[in-house]
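Visitor: Below you will find the structure I want to go over with you.
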Amino acid sequence: MNKRSTQAGVGPLRVSLVALPDAVASTLFGIFDVMNAFTLMRMANTGPRPPFEVDIVGDAAGPLRLASGVPIDVQRAADEVETTDIVIVPSILLPEGGWQQGRYPRLVDWLQRMYARGAVLCSACSGIFLLAET
């Protein structure tokens, strides 16, 4: 696993927040805001750099409409992300009948690569279904 420290002189931990069409907007945005709180609130005691650098990552960069219809801008395509320290999959709005495997093969492949390269994989609530498929 990547052993980078967030102490002065060493880079912040890179966090990749996964955006997919089934994602719940409140969870995705809530995690994004919490991970960026140090920067947003301009907390002075975090040293010269914030502890986290957060990107919204998806199948492709660009516009994406979430499960509730809220549009977002995916910052980075998963295929562009070679390494990350932490991956977080937000809550997913499950269709009737539950999770359907095979809907996001590129994201599953990417998650497997990130894990193999030392990333910690996390989920919020029903985001665990994508991680379980991984």
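Visitor: In the set 31, 72, which member is open to solvent by less than 50 Å² (accessible area, probe 1.4 Å) and in a helix (DSSP H, G or I)? Step through it out loud before you land on a result.
Guide: Working: 72 fails: in a helix (DSSP H, G or I).
Unique residue meeting the criteria: 31.
Visitor: Tell me, please, whether a residue that is open to solvent by 50 Å² or more (accessible area, probe 1.4 Å), assigned to a helix (DSSP H, G or I), modelled with pLDDT under 95 and out of contact with any helix residue (DSSP H, G or I) (no Cβ under 6 Å at 6 or more places or on another chain) can be found in the stretch 49-56.
Guide: no
The values are calculated or read from the model by the stated rules, or taken from the named source; none is laboratory data. Remember, predicted model here, so these are calculated numbers, not experimental data. Because the Cβ atoms are built from the backbone with ideal geometry, glycine has one as well, and the counts that use them run over all protein chains shown. Accessible surface areas use protein heavy atoms only, side chains included; no ligands, DNA or RNA. Shrake-Rupley method; radii C 1.70, N 1.55, O 1.52, S 1.80 Å.
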